[in-house]
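Shown next, in C-alpha cells, is the structure this report addresses.
Here, each number is a calculation from the coordinates, and none is a lab measurement. Model, not experiment: these values are computed from the prediction. No Cβ is skipped: glycine too gets one built from the backbone with ideal geometry, and neighbour counts run over all protein chains shown.
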Amino acid sequence: MAVTVNTLKEIKQAGDKFTCLTSYDATFAQLVSSAGVEVILIGDSLGMVLQGNDSTLPVTVEDMAYHTQCVANGNQGALLMADMPFMSYATPEQAMETAAVLMQSGAHMVKLEGGDWLVETTRLLSERGIPTCLHLGLTPQTVNKMGGYKVQGRQDQQADKMVTDAVALAEAGADIILLECVPCDLAEKITQAVDIPVIGIGAGNKTDGQVLVIHDMLGATTGHRPKFVKNFLEGNNSIQAAIENYIQDVKSGAFPSEEHTFK
Ligand code: KIV
Ligand code: NA
C-alpha cells in the first residue's frame, strides 16, 4: 500500500520510526521503495552528487522536475518528496508556481528550507493541497550566509528560535519538519514539541525518521565524509542488503549511534 502523510503520522503516534533515502533516478527509486523505505527524497543534493557542483545553489526547477519524473517512474509506493531549489520560493507566488511544476512531475510533497519567514507560504501551499516538509537547522541553500556547513542550534537563542519556528510552521500546516545537523537534545525537544513527524540527518536518534543521501550511505561519495554518515555497504554484499540494513538500524534505533551524533 502506498505511503501517505497519514502513514507517517501513524508511525509517529505509535512511537515507531520510518526511513527516508534520496534517489534521483528510476533504478534507485525502484530499489529503495521495494526495500520498504517509506519516503524518497528527490534532493537538490543532486547538484553535488550528480552534477558535481560544490553547493546546491545551481540546481534549477527544471532539473528537479526531470529527476522527480525519473524517480516517479521507478517508485513502488514510497512517498515522493521533492526539493524546491534555491530561490524558487522567494515569494509565496513563486513557491506556488514551483510547487505546481514538481507536483505535476510526480512529487507527493515538496520540501523548503527555512524558518518562520515561510509560515505564510506553508499555509498557502497547504490550503491548495500541497503537503510540505520544512527543512531547519543546517540549510545548504544558505551556505554562503551561514559561512560554511556547520552544526546549527548550539547557542540557546538559536535553539529556542528553531523550536518556535517548527511549532509555527506545524501550525501553518506543514506535514513534516526535517532537521539537519542539530544537537541531539534539541532535535528531541522539537520532535516532542510538534504533532507532525520530524526527520533527522545528523540530528541524533530521537527523531521520528532518518534520511541519508544514497551515495553517502553506499560509500560512493569521495572526499569529506560528514560525521553523521555511515557506509551501509560495508559488511553487506549488495546494495539491496545495505538498504535493508539501514532500515533495520533506523527502526531499532541503532542508527544513528553516538559516533554519528552531535552533542
Ligand atoms: O538534498 C538533500 O539530499 C537533502 C537531505 C540532505 C536532507 O536535503
Ligand atoms: Na536538499
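What to note about this one:
- Ellipsoid fit via the Cα gyration tensor, the range 1-116: semi-axes of 23, 17, 13 Å, each the root of five times an eigenvalue, largest first.
- Using C-alpha pairs below 8 Å separated by at least 6 residues, the relative contact order for the chain is 18 percent.
- Here, the chain yields an orientationally averaged convex hull projection of 12.3 nm² when only Cα atoms define the hull.
- Where the Cα pairs of the range 121-263 fall when distances are cut into 5 Å bins, in %: 2, 10, 18, 21, 19, 15, 10, 5, 1, 0
- For the peptides 130-141, 190-201, residues were scored by their other Cβ atoms within 10 Å and the scores averaged per peptide; the highest-first order is 130-141, 190-201.
- Kirkwood hydrodynamic radius of the range 189-263, from inverse mean 1/r over distinct Cα pairs, in Å: 12.9
- Taking the C-alpha atoms of the range 58-188, convex hull volume expressed per residue in Å³: 113
- Theoretical ellipticity at 222 nm over the chain - DSSP helices of four or more residues, -39500 (n - 2.57) apiece, nearest 500: -12000 deg cm²/dmol
- Remark: the range 1-41 is approximated by an ellipsoid whose semi-axes, taken from the C-alpha gyration tensor as √(5λ), come to 21, 9, 8 Å, largest first.
- The 3J(HN,Hα) values that the Karplus relation (6.51, -1.76, 1.60; θ = phi - 60°) gives for the range 27-42 are, in residue order, 4, 5, 4, 5, 4, 5, 6, 6, 6, x, 5, 6, 10, 9, 9, 8 Hz. Gly and Pro appear as x.
- For the range 140-148, putting each phi into the Karplus relation 6.51 cos²θ - 1.76 cosθ + 1.60 with θ = phi - 60° gives couplings of x, 5, 9, 3, 5, 6, 6, x, x Hz, in residue order, rounded to whole numbers and with x for Gly and Pro.
- Between Gln104 and Asp195, the modelled labels are 3.3 nm apart [label points 7 Å from Cα along Cα→Cβ].
- One chain, two ends: Asp160 and Gln69. Fully extended at 0.36 nm per residue, the span grows by 28.9 nm beyond their Cα-Cα distance.
- Packing, as the average of other Cβ atoms within 10 Å across residues, places the peptides 142-155, 5-18 in the order 5-18, 142-155, highest first.
- Anchor Lys227: aspartates and glutamates whose Cα lies under 15 Å away (excluding residues fewer than 8 positions away in-chain): Glu180, Asp216, Glu258, Glu259
- Amide H contacts under 5 Å for Leu178: Leu134, His135, Leu136, Ile199, restricted to partners 5 or more places along the chain or on a different chain, H placed in the peptide plane at 1.01 Å from N.
- For the chain, size of Cβ-based charge dipole, Lys and Arg +1, Asp and Glu -1, in debye: 380
- Coupling constants for the range 14-26 follow from the phi torsions by the Karplus curve (6.51 cos²θ - 1.76 cosθ + 1.60, θ = phi - 60°), and in residue order they are 7, x, 9, 10, 10, 10, 9, 9, 7, 8, 10, 9, 5 Hz; glycine and proline get x.
- A simple charge model with +1 on the Cβ of Lys and Arg, -1 on the Cβ of Asp and Glu and nothing else charged puts the dipole of the range 73-199 at about 280 debye relative to its Cα centre.
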